[in-house]
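Enquirer: Questions regarding the structure given below will be posed in turn.
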Amino acid sequence: MNKNSYNIMALAPNTSNKRETVCIFGTGDFGRALGHKLIQSGYPVVFGSRNTQTSSLIPKGAEVLSHAEAAQKAAIIIIAIQRQHYSFLTSLAEILHGKVLVDVSNNLKINQYPESNAEYLAQLVPGTKVVKAFNTVSAWALQSGTLDASRQVFVCGDDMEAKQMVMDIVRALGLTPLDQGSLLAAQEIENYPLQLFPMWKFPILLSLGLVTFFFFYSLIRDVIYPYVYESKDFSFFIAISIPNRICPIVALILLALVYLPGVLAAIIQLYRGTKYSRFPDWLDKWMLCRKQLGLVALAFAFLHVLYTLVIPIRSFVRWRMSNRILSLALKNETEPLNTTHAWLSDSYLALGILGFSLFFLLGITSLPSVSNNVNWREFRFVQSKLGYLTLILCTAHTLVYGGNRFLSPSSYRWYLPNAYMLSLIVPCIVLVVKFVLIFPCLDKPLTQIRQGWERNPQYPE
Amino acid sequence: MNKNSYNIMALAPNTSNKRETVCIFGTGDFGRALGHKLIQSGYPVVFGSRNTQTSSLIPKGAEVLSHAEAAQKAAIIIIAIQRQHYSFLTSLAEILHGKVLVDVSNNLKINQYPESNAEYLAQLVPGTKVVKAFNTVSAWALQSGTLDASRQVFVCGDDMEAKQMVMDIVRALGLTPLDQGSLLAAQEIENYPLQLFPMWKFPILLSLGLVTFFFFYSLIRDVIYPYVYESKDFSFFIAISIPNRICPIVALILLALVYLPGVLAAIIQLYRGTKYSRFPDWLDKWMLCRKQLGLVALAFAFLHVLYTLVIPIRSFVRWRMSNRILSLALKNETEPLNTTHAWLSDSYLALGILGFSLFFLLGITSLPSVSNNVNWREFRFVQSKLGYLTLILCTAHTLVYGGNRFLSPSSYRWYLPNAYMLSLIVPCIVLVVKFVLIFPCLDKPLTQIRQGWERNPQYPE
Amino acid sequence: MNKNSYNIMALAPNTSNKRETVCIFGTGDFGRALGHKLIQSGYPVVFGSRNTQTSSLIPKGAEVLSHAEAAQKAAIIIIAIQRQHYSFLTSLAEILHGKVLVDVSNNLKINQYPESNAEYLAQLVPGTKVVKAFNTVSAWALQSGTLDASRQVFVCGDDMEAKQMVMDIVRALGLTPLDQGSLLAAQEIENYPLQLFPMWKFPILLSLGLVTFFFFYSLIRDVIYPYVYESKDFSFFIAISIPNRICPIVALILLALVYLPGVLAAIIQLYRGTKYSRFPDWLDKWMLCRKQLGLVALAFAFLHVLYTLVIPIRSFVRWRMSNRILSLALKNETEPLNTTHAWLSDSYLALGILGFSLFFLLGITSLPSVSNNVNWREFRFVQSKLGYLTLILCTAHTLVYGGNRFLSPSSYRWYLPNAYMLSLIVPCIVLVVKFVLIFPCLDKPLTQIRQGWERNPQYPE
C-alpha cells in the first residue's frame, strides 16, 4: 500500500509486475519453509548464510549469498535465526540501516527473557525498522500447505510503513495479518504460541476440583455406606452411577457460575452508581472466561445425557428390573399405575430435555462463525435471555428430580444430604438475585447506569 | 489506500510512521470507548466537547478541545452524539467543509425517522463527506475487547475515498469492514442492530402455529378421549408423550416445506418458459428463509430423538412393561417372537436413525464456516441431493411407523385420524411432484431454462 | 491500490469518487448477473455485444455497445463468453492491447482442454493482461444475493497490478479474493468448481469397502448360521443389529487409520535420519486426508451411538427380556446380582461414552472457525494428545466389550471369529508402535529430526 508512494518518488519505473525481493537470514528449517512459500507466491527470495553453497534443501529459484550481499538485495530481511545468534547482526549495522527486519523467532518458555526478541533486535541494530511477524506459523504448516490451524499472523512494529509492507507479504501468502500495534506487543505475540488454552485453565481446574469433591462425596454415600451397613458390593457404581451423579451437579454449578458474575457486577454497579469504576480484578477475569465456563458445563451436561440414556442397557439395571418383576410374580401381585409418580418422572425428564436442547443451542451460537453472523442485540438475546431460560429449566429439572425426597430421612446417610441438593445452592441464589434485580425499582437505575448515567457525575457533560 | 495520493500531492513530508489524527465529537459512552480503542491502535485522538475539562473518564492520551478546535486537527470526525443534537453542527459548517464525518448513531426503533441519521447529517452540513459506520459495534464490546459477537462493521457513503479512509480505520481496530455501497444504504445499516432474527420470524411463527394445533389435536385424542370413554387419567402424557408426537410431525412438515418452494419454482419456470420473470413475492421470501426453516425442523427432530431415547427410563413405560409381564406370568403364558413385528419395529427405527443423521449432517454443512469451504457444486450436492434423501428417509420412517395401523379403525377416535397421518400429506406431495419433475421430458427443458434459455426470447442474442 | 500510482501519473484529476468503468463482453446469464452486482456496488458497467439493442434483461443503468466501443470505455474487460467463441477477440487485438482481460469461464469436464481457458485467452490476444477470476461464483448466487456457499474468489494472473485491480473489484462486491499466483494456476482454478469433495473420495470409498465386507461377514455369522443350524429367522437383524455391529468396527478401524500414517512417517524419518526426503506418494496423500478419515469415522461412531441407544425400544429386545423373565417366573427362580458382569457391562459403556465424547470434541475442533482460533500448540495438543486418548478409550471399549468372550469357542461360528476381534487388529498395532516410539531412545532422535537435524547432513550450516 504505502509502497506506492515510495515507488513513485524513488524509483518511478519500478511500477512493474514483479514483487519485491525478500531476503531471509538463516537457511534453517523455518527459513527454508518460508522461502519456499514466498517463491510460490511470486517473491524473488535471496538467502543470507555463512555458507553460500546451495544445497538441495534450499528451495528452487532462491539464491544463497553472504549475509551482507543478500541484505543489499532487499528492503525486507527476515531474521530466521535464533536469538542467541543475533549478535553478529551488529557487524552488518551499516548495510541494514533503514531496512525492515522481520523477527520471526519464538522462545522455549513464556517470558524467557526480560525483553522480547524483537525489542532486543531493535536495540541491537538501531536504525532499522523491526517488525514482529510469522512466529505463530509453523514450518510444517508452511511446507505441507495444510494450515489446518490458524491462518492468523500477528504483526506488530513501531514503523507503520514497515508493518504495512510485512502485512502485504502475509496476505500474499494466503494468511491473515492482524495488526497488534507497537513493538511493545511483541512480548505478548512471542508468548502466544507457547500458550495452551489460557482462558480454559480456570474453568477446567474448577471443574476438576468439583469433580474430585463430588466423587468422594458420592463414593462415601453410595458405595462405602451400603458396604458398611448392608455389606453390599456396589463398587461398579464407579463406572456409571457415580459419574452420572457428578456430571449433572458440576454442569449445573458451572452454568450458574456463568451467570453469577453478571449478577455481582449489577450489584456493584447499583451500589457504586456508575459503570466507569473498574470491577475488582477477580471479577474481571471471571467475566472474561464465562464462555469457557459455559462450554465446560455443556460438556458435562452432554456426558450426563449419554450416561442417562445408557441406563436401560446396563446389566445392573436389567437385573434390578427383572428381579423386581420376579418378586412381584412370586407374590402373584400387580402394581397399579401411580399417576403422581408418572407425572414427576415424565416432567423431570422433559425439563431436562428442554434444558439440554437450549444449552446445546447456546453452545452452537458460541461457535465463532455463528456468533460473527448475528448482531449485538441477537447475541445478547441468545446469551442472556435464552441463557437464563436454560438455567431455570436445568434448576427445575434438578428440583423435580428431587421431588419429595428432600424431606425424606432416608436421603441422609451419615448426615450427608444427597449430592444434588448441594448442587442447587448456587443456581438458586443466582435466580433469586436475578429475580430481585428485574423489579423496576432496581432495573430502571441499572439500565440508566449501563447507558452511561452516573449517580455522582465527576463533571457535567 | 487513497490516502497516499492525497499525502503525496498535499503534504509530501507526511509519509511518516504516524497514523492520522481522528477527532471524536461527543465524550459520551460510545465516543470514549471508540477513542480508547483508537488510541490503543496507534491513532492520535482529539475529543470535541462543549466542556473541555479533561475528566478521568476520557481515555489517557486523548486531548479534549472545543468542537471547532478539535475539528481543525483532523480530517476525519466521528460524530458520537445523538441525532437530536446534530443541529449545532450547522454552526461549524465552514470548519467541517471537505472533512469526513462518520455517523455512528443508532435509533431506538426501526425506521424511526423518514430519512436515515447519516442522510440527515449530510443534508445538515453540505460540503462534508458523510460515511456511516460503527453503529453495529457496542461500546461494551469495544471496552472489554471481547467482541464475542460480530466483528463486522457495515460502512456506506457516497464518497469512495472517504469510505476507504474509514474502512482503513476499521481494519486497524481489528474489525472487518463491509462496504455496503452509497449513503442510501444507511437506513438499512441503522435498522440492522435493531433487528432480532428477522429471517427466523416466519419459520418460528409457523412452527409455533403447528405446535399449538397438534398439541390440542393430540390432547383431544390421547388425553381427553381416554378420560371420557375409559375414565383413565393420562394427563401426564402432556410432559413427554404428546411433545414426542408433536416434534416429529412439525419436523417432517417443516422439512417438506423447505423443498416445496423449489418444486413450485420449477413448475412456474416450466409454465412461463423463462427464468427471468420474477417469482411472486411470497415465493421469493419463502425461498430466502429455507435455511432457517430447515434448522428449525432440525431442532424439532433433535427434540424428537431425545424424547424417544428417554422412553425406556420413563416410570410409566416401566410400569406398563412390568404389568404386561406380570399378567402373562399370572396366566403362565409365554409369547412367541413376532418376526413381522420385529421387522417393522427395527426398520422404522433404522430409517429414523439414518434420516436424523443425514439431517444432522445437513445442519453442520449450513454452519457459515463449513459452507464457506465448499464449492458451489458441493454445496448443491449436499443441500439438494442429500436433502431429498433425508426427506425420503424421514417420510419412510413415518410410513413404516404407521405400519398397518393406517386402516385399523381403532386409530380413529372421534373420527380424528392419528396425527402422524396428517404430517405425511405435505412430504408426500413434495416427493411425488419432485419424482414427476425428474422425468426427462420435464427435466430437460427445466435445465435449459435454468441455464438462461427462454421459450419466447425477447430479442435474439 | 496500485491504481493510485497510475492515476497520479496519468490522470491526476481523476482522484474523484467514482469507481472505474467495467466492461463485460457477453450478455449471457453470468454476464448479466455480474453486471447487476457491479452496478449495485457502484461500478459503471458497459456491455459489449454483437446485438446492441438493450433488452429488459440487461441490468438497469448499464449501456450496451459493440464490442469495440465497449472495450474502449474501460480498462478492465470481463470476458463472459464461452471458450469456443474466444477466437473473435483476435480481431479486437489492437483495442484490447494493454487492457486487463478477466477470464470467468468454466469447463464442463475436469482438464477438458490441454491448456486452461485463461492461458488460451492470453495466447490468443497477446499484449493483454489476463486474470482468471469469478469462475467459482454462480450466476444464481450473484442474482439472489444469498451466496450461501463460498464467498471465496480465486484469482490468478501474471500481472501483479492487473490482479490487484481485479481483487479490488472482488472485495467491492463483498466477496473474498484469494491470490493463487501466476496464470499457471488457472488450470487448477478452472477445475475447482467441477470437483465434488475430492479429499473425501478415499475415506468414503474405503469405508464403503469396509462396510460391505463386514456386512456380509456379519450376515453369515448372525443370520445365515442360526438359520442353517437352528432354523431361526433373524433376518430382521439387517435393520439394526448388523448395522450396529458394522458401525463401531468401521469407526474404530478408520480412527486407527488416522494415526497409522503418522506412526509410519516417524519410522521412515527415524530410518532415513532426516525429515527432508519426501515420503512415498501414497503416504503423502494418506496424511493429507486424515481429517476426512477422522470425520467419516466420527459419523460411524455417531450412528453406533444412536443404534445402541435405541436398543431398549426395539420390539425384539423387549420380547427377549420379557421372555427371559417369564421363563424364570415359571421356574419360580430369582437371579443373584453378578457383580463381575455388572462391572464389565458398566465399564465398557463408560469407556464408550468417554471415547465418543472426546471424539465429538475432536470433530468440533476441526470446524474451520474453531481451528482458526487456536494456536499451533493447542491444535496439536487436541489433535495428537486427545486424539490418541480417544483411540485408547475406543480400543479399550472394544476390548472390555469382548470381555471373556475372546477365548470362548461359541464365539467362533464356521471358524469365523466375532467381527469386533478383526476390528482390533489395526488399532492395537498403532497403539503398540506408538508406545514403542515414546521411549526416550527413539523419541529423542525423532524430535531432533523434526526440528531439522539430519543424521547425514549434505552440507554444514
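Enquirer: Tally Lys and Arg at +1 and Asp and Glu at -1 over the other residues with C-beta under 14 Å from the C-beta of B:Gly35: what net charge comes out?
Expert: It works out to a net charge of +3.
Enquirer: Can I ask one more? Under 8 Å for C-alpha pairs, at least 6 residues apart: give me the relative contact order for region B:22-194, rounded to a whole percent.
Expert: Reported relative contact order: 20 percent.
Enquirer: Which whole number in µm²/s is D for region A:111-196 by Stokes-Einstein, with the Kirkwood Rh taken over Cα pairs at 37 °C and 0.692 mPa s?
Expert: It comes out at roughly 245 µm²/s.
Enquirer: Shortest first and in nm to one decimal, what separations exist between B:Gln195 and its copies in the other chains, measuring from label points 7 Å along the Cα-to-beta-carbon line?
Expert: 3.3, 3.3
Enquirer: Report, to one decimal in Å, the Kirkwood hydrodynamic radius for the protein assembly as shown based on all distinct Cα pairs.
Expert: Working: mean 1/r = 0.0281 Å⁻¹.
Radius from the Kirkwood sum: 35.6 Å.
Enquirer: Per-residue accessible area for A:Val223 at 1.4 Å probe radius, Å² rounded to 10?
Expert: Answer for A:Val223: close to 20 Å² accessible.
Enquirer: Using a 1.4 angstrom probe with every protein chain in place, what is the largest-first accessible-area order of B:Thr340, A:Thr128? Walk me through the intermediate numbers first.
Expert: Values: B:Thr340 95, A:Thr128 25 Å².
Accessible-area ranking of B:Thr340, A:Thr128, largest first: B:Thr340, A:Thr128.
Enquirer: Students often get this wrong, so check it: of B:Lys109/B:Lys201; A:Lys132/A:Lys201; A:Lys434/B:Lys201; B:Lys275/B:Lys444, which have C-alpha atoms separated by over 23 Å? Don't skip to the end; give the middle numbers.
Expert: Details: B:Lys109/B:Lys201 18 Å; A:Lys132/A:Lys201 27 Å; A:Lys434/B:Lys201 28 Å; B:Lys275/B:Lys444 14 Å.
Correct reply: A:Lys132/A:Lys201; A:Lys434/B:Lys201.
Enquirer: Shortest first, in nm, what separates the label point of B:Leu65 from those of the same position in the other copies (7 Å along Cα→Cβ)?
Expert: Relative to the other copies, B:Leu65 has label-point distances of 4.8, 4.8 nm.
Enquirer: When Cβ neighbours within 10 Å are restricted to other protein chains, what is their mean count per residue of peptide C:101-111?
Expert: 0
Enquirer: Here's another thing I want to ask about it. Using a 10 Å cut-off around each Cβ of peptide B:239-250, what is the average number of partner chain Cβ atoms that fall inside?
Expert: 2
Enquirer: Let me ask you something else. Counting only heavy atoms of protein chains, what accessible area per residue, in Å², does chain B have with a probe of 1.4 Å?
Expert: Here the residues of chain B average 45 Å² of exposed surface.
Enquirer: Hey, could you get me the Stokes-Einstein D for chain B, Kirkwood radius over alpha-carbon pairs, 10 °C and 1.306 mPa s, rounded to whole µm² s⁻¹?
Expert: Roughly 57 µm²/s, to the nearest whole number.
Enquirer: Probe radius 1.4 Å, ligands and nucleic acids left out: which of A:Glu20, B:Glu230 has the largest accessible area, and how do the rest follow?
Expert: B:Glu230, A:Glu20
Enquirer: Related question: As an exercise, use a Förster radius of 51 Å and the Cβ-Cβ distance of B:Thr52 and A:Leu389 to find the FRET efficiency, rounded to the nearest 0.05.
Expert: 0.60
Enquirer: Once the label point is placed 7 Å from Cα along Cβ, list for B:Leu283 the distances to the corresponding points in the other copies, in nm, shortest first.
Expert: Distances between equivalent label points, in nm: 5.8, 5.8.
Enquirer: Using the membrane-span-like helix rule (whole DSSP H runs, Cα extent along the own axis of at least 30 Å, mean Kyte-Doolittle hydropathy at least 0.0), which helices of chain B qualify?
Expert: Answer set is B:243-272, B:339-365.
Enquirer: Can you give the relative contact order of chain B as a percent, counting alpha carbon pairs under 8 Å and 6+ residues apart?
Expert: 11 percent
Enquirer: Provide the three semi-axes, in whole Å and in decreasing order, of the ellipsoid equivalent to region A:266-407 as defined by the square roots of 5 times the Cα gyration tensor eigenvalues.
Expert: Numbers: eigenvalues 375, 66, 39 Å².
Its equivalent ellipsoid spans semi-axes of 43, 18, 14 Å.
Enquirer: Starting from the amide H of C:Phe154, placed 1.01 Å from N in the peptide plane, find each other amide H under 5 Å away whose residue is 5 or more places distant or on another chain.
Expert: C:Phe134, C:Thr136, C:Leu178
Enquirer: In peptide B:275-283, how many Cβ atoms from other protein chains are near each Cβ within 10 Å, on average?
Expert: 1
Enquirer: What residues does region A:295-313 have that are buried by at least 40 Å² of accessible area in the full protein assembly compared to the chain on its own, 1.4 angstrom probe?
Expert: For region A:295-313, once contacts with the other chains are taken into account, A:Phe302, A:Leu303, A:Leu306, A:Tyr307, A:Leu309, A:Val310, A:Pro312, A:Ile313 lose 40 Å² or more.
Enquirer: Calculated FRET efficiency, B:Glu335 and C:Val433, Cβ-Cβ r, R0 51 Å, to nearest 0.05?
Expert: Working from the Cβ atoms, E equals 0.50.
Enquirer: Using a 1.4 Å probe on the protein heavy atoms only, what accessible surface does C:Phe300 show? Give it in Å² to the nearest 10.
Expert: Number for this one is 30 Å².
Enquirer: Compute the distance from the alpha-carbon center of region C:281-357 to that of region A:70-111, in whole Å.
Expert: 59 Å
Enquirer: Kindly give Rg over Rh for region C:198-451, based on alpha-carbon atoms, with the Kirkwood expression for the hydrodynamic radius.
Expert: On the Cα set of region C:198-451, Rg over Rh gives 1.04.
Enquirer: Rule-of-thumb check for region A:22-194: C-alpha Rg over 2.2 N^0.38 Å?
Expert: Dividing the Cα radius of gyration by 2.2 N^0.38 Å gives 0.94.
Enquirer: Considering only protein heavy atoms, with the full assembly of protein chains and a 1.4 angstrom probe, order C:Leu361, A:Leu254 by accessible area, largest first.
Expert: Working: C:Leu361 80, A:Leu254 0 Å².
Result of the area sort, largest leading: C:Leu361, A:Leu254.
The values are calculated or read from the model by the stated rules, or taken from the named source; none is laboratory data. Keep in mind that what you see is a predicted model, and the values were worked out from it rather than measured. Cβ: placed from backbone, ideal geometry, glycine included. Neighbour counts: every protein chain shown. Keep in mind that these areas ignore ligands, DNA and RNA; they rest on the heavy atoms of the full protein, side chains included. Shrake-Rupley method; radii C 1.70, N 1.55, O 1.52, S 1.80 Å.
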